[in-house]
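The values are calculated or read from the model by the stated rules, or taken from the named source; none is laboratory data. Here the structure is a predicted model, which means the values were calculated and not measured. Please note: Cβ atoms are built from the backbone with ideal geometry, for glycine as well, and neighbour counts cover all protein chains shown.
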Amino acid sequence: MKKLRQFYTHPLFFASLLALLLIWYFLPVDLYFTAILIVFIPLIVLTLGLHIVTNRRIQLIRNQLYQIFQTLEEFDIDIPQKMNFMESPFPIFNELNEYLVELIERIRHNYLSNKQFTQNASHELQTPLAIIKGNAEMLLQSPNFKEKEIEALAIILQNTNRLSKLNSTLILLSKIEHHRFPDAEQVSFIQKTDEILNHFKDLIRMQKLVVEKNYEKDFVIEMSSTLAEILITNLIQNAIRHNQGDNINITIGNHYFQTMNKGKKLKTTPESLFNRFKRVSNNEESLGLGLSIVKRICTLYNLEVSYTIGKDMHVLKVMKL
Amino acid sequence: MKLLIIEDEQDLLNLIIRYLKKEGYLCEYAVNFKEGYKKINNFEYDCAIVDLNLPGGDGLKLVQYLRADNSQVGIIVISARDTIEDRISGLNIGADDYLTKPFNLSELNARIKAILRRKTNQFSNEIHFGDLSINLEERKVEAGGKLLQLTKKEYNILVYLARNKNRVVTKDSIAEHLWGDYMDNAVSFDFIYAHVKNLRKKLAENGCGDFLKTVYGIGYKFQTH
């Protein structure tokens, strides 16, 4: 193909064509006609040939681009695997690929060290927190304190606890994002839910709540048992905490888990509550991280989580896609 | 009772020592892996409190040495690592208990006492205060010779407060002791209040002195004098 093209585009080829034309111009008509045929047939063939060749090349280039797109689509910043671009027959694409690999590695490196920093910082915070908490606890034992001073200490202690809870929740989030829960097993949501409800027994009794359990069929998923526990605990805790009625409802079906409770009208869209630090109330207990952890865990296992409000019933549903 | 505390953070170390000395323990300490290793090799302890992130090595190794050296020693790991996997590996290697930072000193104290009671014969299975006696083995409480009918939670609160006698124990720390993370504070405080009220009533009905003092806004105190 290449040789053929070289032949047709060679200046000598054009020169001889021109010579032929000039000769036949001064000759009788039918010969002239023949000459036109002789000249134009190869020209048409040549154009058609060129068209096919160019088309093929465009197709090839398009394919190469698609391949790059595909490779880029598979890219996950959390999975430490080097991007693998296919070797291309066009040097320019290979150059582009090399550039992309380099760029991605640089971004990944920055991203990871950033993440690492957050995690280390959170970890390092636990020790100073322990020291503050311990010293406040020591001060509490002092017999000379007046009520005002003790009150101040109580506030210090409460907020240190809050801070340490917040901190360990952030560590948890970062661990989920780091894929630090690799062990997966078949988790039965019915079994897990019953276990967790047992932990909440006192809280439920205290608030005189009725828990309606509606188990249609077991929802079984292969996931980390720890994360399943956190997922269900957060959803149940959420339902109990924001409940405005006398009962909460837990439904488990073949492919979903759902909690339902009576709640207040929301000022924001329900979906936005999956974002970090988004809170409905000024409830001191709520860190505003529970649902974002739920969301994170769901994303990790390809589950869909939705928050819908019908009348005054708040429904959180986790389901298999 | 001789304790060894291995912790590299000086402030935390001092705090723990100060708190435990008041309980009448003899406290020795090490601030890094090497020192800890030396102390373990040269002396005998009743209980060791080991931090995991130490300069010069992993605290888990020290736990291993401790266990190999003396099967009777009580070992409590204190660490900022808080996953279930970390706990399991700590307990598997020979620790008796695992506390995550930041912990309540009253919790640490209660756990040391629980371990020492299990591990050594020097600790009595019974706690006595005036007319009140608590049998830890059988989980029974008697007041003036009469057996009290306590719920599990009431019993746990009583023992926790008794183990930290004459100290103010915060509501937070009681809540954490009873339920871990499964309770909202506001609700659990109401719950603790109700339990303590019942406990007081049961003690009073059986002619037991009022040991349980309320420290307003903070928590409770088991007062013996």
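Residue count for segment A:71-93, restricted to those that are loosely packed, with under 12 Cβ neighbours inside 10 Å and among the polar types (S, T, N, Q): 2.
Can you work out which of the residues in segment B:118-150 that are of a type in the set (S, T, N, Q) and under 17 Å from residue B:204 (Cβ atoms) is farthest from the chain's Cα centre (by Cα)? Please lay out each step first, then the result.
At the first step, the residues of segment B:118-150 found to be of a type in the set (S, T, N, Q) are B:120-122, B:124-125, B:133, B:135, B:149.
Now narrow it down to the ones that are under 17 Å from residue B:204 (Cβ atoms): B:133, B:149.
Values: B:133: 19, B:149: 24 Å.
Across segment B:118-150, the extreme among qualifying residues is B:149.
What single numbered condition from (1) in contact with a Lys or Arg (Cβ under 6 Å, 6 or more places away or on another chain); (2) assigned to a loop (DSSP other than H, G, I, E, B); (3) within 30 Å of residue A:155 (Cα to Cα) fails to hold for residue A:292? Single failed check for residue A:292: (2).
Go over the candidates B:93, B:115, B:78 one by one and state the one that is on the phi < 0 side of the Ramachandran plot, within 17 Å of the chain's Cα centre (by Cα) and away from chain A (no Cβ under 14 Å). Steps first, please.
On the way: B:93 fails: within 17 Å of the chain's Cα centre (by Cα); B:78 fails: away from chain A (no Cβ under 14 Å).
Criteria check complete, one pass: B:115.
Within segment A:157-175, the set of residues being within 19 Å of the chain's Cα centre (by Cα) and within 11 Å of another protein chain (Cβ to nearest Cβ) comprises A:171, A:172, A:175.
With respect to residue A:150, determine if the residue is in contact with a strand residue (DSSP E or B) (Cβ under 8 Å, 6 or more places away or on another chain), part of a helix (DSSP H, G or I) and more than 11 Å from chain B (Cβ to nearest Cβ).
Working: in contact with a strand residue (DSSP E or B) (Cβ under 8 Å, 6 or more places away or on another chain): yes; part of a helix (DSSP H, G or I): yes; more than 11 Å from chain B (Cβ to nearest Cβ): no.
The answer is no for residue A:150.
In segment B:98-112, the qualifying residues are those that are more than 10 Å from residue B:160 (Cα to Cα) and touching a Lys or Arg at 6+ places or on another chain (Cβ under 6 Å), and the one that is nearest to the other protein chains (Cβ to nearest Cβ) is B:102. Cβ-Cβ contacts under 6 Å between residues 6 or more apart (or on different chains), taken from a first residue in segment A:135-146 that is at pLDDT 85 or above to a second residue that is assigned to a helix (DSSP H, G or I), are listed as A:136/A:153; A:136/A:156; A:136/A:157; A:137/B:105; A:139/A:153; A:140/A:153.
For (1) surrounded by fewer than 19 Cβ atoms within 10 Å (Cβ to Cβ); (2) assigned by TED's automatic domain parsing to the domain that holds residue B:140; (3) more than 20 Å from residue B:144 (Cβ to Cβ), each residue gets a yes or a no:
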site: B:162; (1), (2), (3): no, yes, no
site: B:170; (1), (2), (3): no, yes, yes
site: B:178; (1), (2), (3): no, yes, yes
site: B:188; (1), (2), (3): no, yes, yes
site: B:191; (1), (2), (3): no, yes, yes
site: B:201; (1), (2), (3): yes, yes, no
site: B:216; (1), (2), (3): yes, yes, yes
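From the list B:156, B:125, B:166, B:135, the one residue that fits, being closer than 30 Å to residue A:234 by Cα and surrounded by fewer than 19 Cβ atoms within 10 Å (Cβ to Cβ), is B:156.
Residue-wise test of (1) within 14 Å of chain B (Cβ to nearest Cβ); (2) buried (at least 18 other Cβ atoms within 10 Å of the Cβ).
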site	(1), (2)
A:200	yes, yes
A:206	yes, no
A:213	no, no
A:229	yes, no
A:238	yes, yes
A:247	no, no
A:261	no, yes
A:271	no, no
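Restricting B:26, B:60, B:54, B:4 to residues that are of a type in the set (A, V, I, L, M) and within 14 Å of chain A (Cβ to nearest Cβ) narrows the list to B:54.
Suppose we filter A:64, A:59 for residues that are more than 28 Å from residue A:182 (Cβ to Cβ), assigned to a helix (DSSP H, G or I), among the polar types (S, T, N, Q) and more than 32 Å from the chain's Cα centre (by Cα); which single one remains? Talk me through it step by step, then tell me what you get.
Values: A:64 fails: more than 32 Å from the chain's Cα centre (by Cα).
Just a single option satisfies the conditions, and that option is A:59.
Screening segment A:96-125 for residues that are modelled with pLDDT of 85 or more and either surrounded by 15 or more Cβ atoms within 10 Å (Cβ to Cβ) or within 19 Å of residue B:216 (Cα to Cα) (or both) and picking the one that is farthest from the other protein chains (Cβ to nearest Cβ) gives A:96.
Of everything listed in (1) in contact with a Lys or Arg (Cβ under 7 Å, 6 or more places away or on another chain); (2) assigned to a strand (DSSP E or B), the single unmet condition for residue B:127 is (1).
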